[in-house]
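The values are calculated or read from the model by the stated rules, or taken from the named source; none is laboratory data. What you are looking at is a predicted structure, and each value in this text was computed from that prediction instead of being measured. No Cβ is skipped: glycine too gets one built from the backbone with ideal geometry, and neighbour counts run over all protein chains shown. When the accessible area is computed, the model is the full protein with side chains, heavy atoms only, and any ligands, DNA or RNA have been set aside. Shrake-Rupley method; radii C 1.70, N 1.55, O 1.52, S 1.80 Å.
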Amino acid sequence: MRRRLAAGNWKMNGSRAALSEITSLAALSPQTHCEILICPPATHIVWACEARGDSALRIGGQDCHHAAAGAHTGDLAAEQLADAGASHVIVGHSERRADHGEDDAQVAAKAAAAWRAGLVAIICVGETLAQRQAGKTLAVIARQLAGSLPDGAQAQSTVIAYEPVWAIGTGLTPTLAEISEVHGAMRTQLVARFGAQGDGMRLLYGGSVKPANATEIFALPDVDGALVGGASLKAADFALIVRALEGA
Ligand code: PGA
């Protein structure tokens, strides 16, 4: 049984004042059987951990370097995120792939770094609009999934997020059939490579998830939760998404 996960990615948003949203979600967390995760900017992880108190709300990072330490100005090691109180880290988000030129091999190295530090790696994949329009979606996802997951991936420390690049922050979403097609293909590929571990990995959908569309997306087979950007910035909206996930 895969435990459902509602993950919020604040990206480069939020302030110390916005941590009151964390406090609200911390109050929600004992009332749900779903796992709830918020990934604030790394500067705010320690404060976010203070704000969640002893609740089950999880706090994560948005990226990490592959090395454990060293001369990498401005970067953060997975070990440092863990030290700050993070339990998860997003790797390979399309904004990192686009803004920083990260390729699948680098993403795989970051996932391995996350595991080394005892973190759950949330590994993102997703096609561009041009790739979808060219009919290449499944091939692109298969290639990213193969290249971005190191050998030996374990279900308990690996989450996959399917995030079509064109659906992120745009209000556009794939059809339910399109989401199902990709998630089904990912599950088949993960089981073929990792067996029971691949079956146990949680597959999140991400890209313009909001309270209004969450219920129908969560009803799809092989959708085990969501990675939410914009709608995670307000605890009230995110709480509605968690509620939809609980009911799925
Ligand atoms: P969005 O972002 O929900 O604002 O579309 C999703 C993401 O990038 O994780």
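Overview of values
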| quantity | calculated |
| --- | --- |
| Matching residues, segment 236-248, being within 15 Å of the ligand (Cβ to nearest atom) and either surrounded by fewer than 20 Cβ atoms within 10 Å (Cβ to Cβ) or more than 17 Å from P41 (Cβ to Cβ) (or both) | D237, L240, I241, V242, A244, L245 |
| Residues located in segment 85-110, provided they are open to solvent by 30 Å² or more (accessible area, probe 1.4 Å) and closer than 30 Å to A51 by Cα | E95, R96 |
| Failed condition for W47, given (1) under 20 Å from I123 (Cβ atoms); (2) open to solvent by 30 Å² or more (accessible area, probe 1.4 Å); (3) of a type in the set (A, V, I, L, M, F, W, C) | (1) |
| Candidate set: segment 186-236, residues that are in contact with an Asp or Glu (Cβ under 9 Å, 6 or more places away or on another chain) and β-branched (V, I, T); chosen: the one farthest from T32 (Cα to Cα) | V191 |
| Residue satisfying condition, being more than 16 Å from the ligand (Cβ to nearest atom), part of a helix (DSSP H, G or I) and open to solvent by less than 50 Å² (accessible area, probe 1.4 Å), within set A139, A114 | A114 |
